[in-house]
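The structure appears right after this line, and notes come after that.
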Amino acid sequence: MRDKPSPSLRRRRTYLLRQLPPPQAILRGSLIERYKRCGKPGCKCATGRGHGPKHYLSISHTGEHPQMDYVPQTQVEQVREYLVNYQRTREILEEICTINRELLRRRERL
Ligand SMILES: [Zn+2]
């Protein structure tokens, strides 16, 4: 970053902007799998690991227990994609901030 000329930093910033996932297609948290025993007498799940996997979106807020939302099987893939989009969005915004800070440090226009 430090040794790159300013025009190439600006080009990189433009490139990053085009890589941004659609802002509405993001979710924060993590997807977890759970297997549950139904408790019915004689069900095979009593000796196995249980029915499932059932998926939950786990979201943590600072100082609180994580909240768990059930995710229907039909939406698991989309949720997975949205979670990746969120991480990618964060990485891209962080890199853009770093570029802008470097331009500022050089006393150049942002
Ligand atoms: Zn069962």
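The values are calculated or read from the model by the stated rules, or taken from the named source; none is laboratory data. Note that this is a predicted model, so its numbers are computed, not measured. Counting neighbours? That spans all protein chains shown, and the Cβs are built from the backbone with ideal geometry, glycine included. Ligands, DNA and RNA are stripped out before the accessible areas are found, and what is left, the full protein with its side chains, is counted by its heavy atoms. Shrake-Rupley method; radii C 1.70, N 1.55, O 1.52, S 1.80 Å.
Okay, here's what the table says:
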| item | result |
| --- | --- |
| Segment 46-65, subset at negative phi and within 16 Å of the ligand (Cβ to nearest atom), residue most open to solvent (accessible area, probe 1.4 Å) | R49 |
| Positions within segment 5-27 being in contact (Cβ under 8 Å) with a residue 40 or more places away in the chain, open to solvent by 50 Å² or more (accessible area, probe 1.4 Å) and in a loop (DSSP other than H, G, I, E, B), in sequence order | L20, P22, P23, I26, L27 |
| The one condition in (1) within 16 Å of the ligand (Cβ to nearest atom); (2) open to solvent by less than 80 Å² (accessible area, probe 1.4 Å) that P72 fails to fulfil | (1) |
| For R105: the one exception among (1) under 18 Å from R13 (Cα atoms); (2) of a type in the set (K, R); (3) surrounded by 13 or more Cβ atoms within 10 Å (Cβ to Cβ) | (3) |
| Residue satisfying all of: in segment 28-45; assigned to a strand (DSSP E or B) and away from the ligand (no atom under 14 Å from the Cβ); surrounded by the fewest Cβ atoms within 10 Å (Cβ to Cβ) among these | E33 |
